[in-house]
Amino acid sequence: MLPRPGDKESLLPFWTTFFEPACPNSQFPSIPYLLVDDSCIGSPCLAVWSQAHQKGTYVPFAGRYTLHIQGPQFCQEDVPSATGIQQRATIPADARSLSFLANISGMIQIKINGQTVRAVPQETFARYTRYAVDVSAHAGLEVDLSFSAVPTPQWPSFVGRLPNQTMFELDDLRFGPEPVQFSDGPGTMTLYPGTAANSWIVDFTGVLEYSGSPGGPWIPAEGLLSPLELVPRSGPEVLFLRARAWP
């Protein structure tokens, strides 16, 4: 089911969508319109899932709709690509945080006035996690806000488990006077079996870092939020992970 002309605006009021190019010669070209109660398959696209559908995983988190955003696959370092939503709006004068529900696979990018901001897990549920972004520096100001799915880089072979294409569901965005809750003390990390063969889910607090050897060098996994599922791409590999406290 595809929306009629004009329906996109009614399903995403105050938001505009953007679809940057998919990889050249990709078998999954971008779908430059909004799907309703449908799947993106492998293509970069946005889809609205409604309560009326209730099929498989296409079930809203809260209220009547949840937005699914699926980004393009990685091409090369100098080809920017993303799929997402954006709007220009005024942040309430008493707001200290922007919270939202999301189920994320890959690398989500949140920007305020073009600057990437960090989302911090606040509470985890069965199908999604509530994250929060610190907006206290922008309280009372008109800003450009965007959420997008961007492809993760082609990491070195020893970190080939990181997903190549980002997709996430987004729901229940709200400003609030509550500050973002950062975890106290050092970073923590827990591993447990994932949903795919030989995969692992990493549940962490703080900043996740990876390396090809136990002595480093350690590289921060910027843009990857907890929990994160690591799926092997090929062959036996060795990956070292650690979590450190927020700076």
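Where Lys and Arg each count +1 and Asp and Glu each count -1, what net charge lies around Gly215 among other residues with Cβ under 15 Å from its Cβ? Present the calculation step by step, with values, prior to reporting the outcome.
Details: positive: Arg242; negative: Glu209.
Net charge in that neighbourhood comes out at 0.
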(request) Taking the Cβ of Ile112 as the centre, find all other residues whose Cβ is under 15 Å away and add up their charges (Lys, Arg: +1; Asp, Glu: -1). (result) +1
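Values quoted throughout were computed directly from the atomic coordinates according to the rules given, and no laboratory measurement underlies them. Note that this is a predicted model, so its numbers are computed, not measured. Heads up, the Cβs are rebuilt from the backbone with ideal geometry, glycines too, and the neighbour counts pull from every protein chain shown.
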